[in-house]
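The values are calculated or read from the model by the stated rules, or taken from the named source; none is laboratory data. Since the model is a prediction, treat every value here as computed from it, not as a measurement. Backbone-built Cβ (ideal geometry, glycine too); neighbour counts: all protein chains shown.
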Amino acid sequence: MRFITQRRRFSDLSDQEVIALAISSEEDDAQIYRTYAARLRAEFPATAAVFDGMALEEDGHRAQLIALHRERWGETIPLIRREHVAGYYARRPVWLIENLGLERIRAEAEGMERDAERFYKMAASRTSDASTRDLLGRLAQAEAGHQHTASELEKAHLTGEEKESEDQSAHRQFVLTYVQPGLAGLMDGSVSTLAPIFATAFATQDTHTTFLVGLAASVGAGISMGFTEAASDDGALSGRGSPVKRGFAAGIMTALGGLGHAMPYLIPHFWTATITAFLIVFFELWAIVWIQNRYMDTPFLRAAFQVVLGGALVFAAGVLIGGG
């Protein structure tokens with residue numbers, strides 16, 4: 001609560017402070033766009049050029065605001081930033097956005113300009129001071145101009161072919177970094193844990209013991225798979241992306257794949273738990289088939305034959321070993 005009470009309300013700001021706030025906001029946004037451009041330049045040069053242009057636009061508006069401040073109030077600009085003002089639109093940290101893909105970065109940039117325009121319009125409609133209303137109205141128009149400029153820059157730098165090429169590259173990177181290791185983990189967790197879980201189930205007829213075995217097998221396989229994936233390739237030559245991201249994707253999906261058919265054994269009744277686990281295995285295998293078909297371009301029938309046949313053989317091995 002103390003932090004909240006220390007923030008100024010926008011309605012309490014003077015015209016000079018509003019201009020100072022706008023100056024600092026334009027500076028922050030320009031830096032965000034330059035960070036996006038640097039992040040994308042190697043793989044998506046056309047989109048990086050768009051963000052370079054948007055950063056220059058923000059610099060131009062900041063220069064105009066500084067000139068206005070100098071004319072009305074002099075050289076000393078009050079130190080006020082968006083985090084000092086209650087209710088002022090916030091910017092998400094760059095590190096939360098820059099690793100989420102090309103389309104997410106584009107959408108965030110569009111949202112930045114739209115949020116700023118909406119806020120200034122709302123603020124202008126709430127003030128009773130004519131000069132402040134005029135000032136905020138001009139700021140809103142400037143933000144709307146930013147959106148138009150962004151559109152024009154995208155048309156100039158990002159042709160249809162370039163955008164399609166960049167989108168394909170982004171999709172390929174997503175598949176290599178997340179889908180491929182995640183799919184390998186899901187297959188490993190779903191299939192490799194079938195035998196020990198169902199062997200334990202039919203050998204002991206004890207749901208609690210079966211659950212503990214399944215939990216241990218799933219978590220252990222997840223840790224092993226995650227470290228193996230992360231250590232197998234640093235991504236520098238293969239272009240498969242961060243080993244940490246791939247390791248997490250593989251490890252988490254491996255553990256989830258095994259836990260899917262281990263969790264039903266929390267049910268104390270053996271046959272109820274076993275039938276539930278069997279149904280979950282069925283949906284797990286078909287999920288693997290769908291992912292292979294959707295992201296890996298594997299023909300549906302071939303994927304279904306490989307996954308279902310392999311899963312059925314491992315399941316049968318577990319039942320036979322446990323029943324024997």
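Below is a table of values for the structure above.
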read-out	value
Residues within the stretch 254-277 that are out of contact with any helix residue (DSSP H, G or I) (no Cβ under 7 Å at 6 or more places or on another chain) and within 30 Å of A230 (Cβ to Cβ), tallied	1
Hits in the stretch 58-72 (condition: crowded, with 19+ Cβ neighbours inside 10 Å and either touching a Leu at 6+ places or on another chain (Cβ under 8 Å) or aliphatic (A, V, I, L, M) (or both))	L65
Residue identified as at pLDDT below 80, touching a helix residue (DSSP H, G or I) at 6+ places or on another chain (Cβ under 7 Å), within 30 Å of L13 (Cβ to Cβ) and small (G, A, S) among A230, A150	A150
Test: residue in the stretch 191-203 that is more than 26 Å from W286 (Cβ to Cβ), over 22 Å from the mean Cα position of the chain (by Cα) and part of a helix (DSSP H, G or I)	yes
Selected residue (only one of A109, A123, A116 is surrounded by 15 or more Cβ atoms within 10 Å (Cβ to Cβ), assigned to a helix (DSSP H, G or I) and at pLDDT below 70)	A123
Breaking point among (1) out of contact with any Phe, Trp or Tyr (no Cβ under 6 Å at 6 or more places or on another chain); (2) modelled with pLDDT of 80 or more; (3) closer than 15 Å to R106 by Cα, for E43	(2)
Check on M225, part of a helix (DSSP H, G or I), crowded, with 21+ Cβ neighbours inside 10 Å and at pLDDT below 85	yes
Test for G74: is it small (G, A, S) and within 14 Å of I19 (Cα to Cα)	yes
Single condition A42 does not satisfy, out of (1) in a helix (DSSP H, G or I); (2) farther than 24 Å from M122 by Cα	(1)
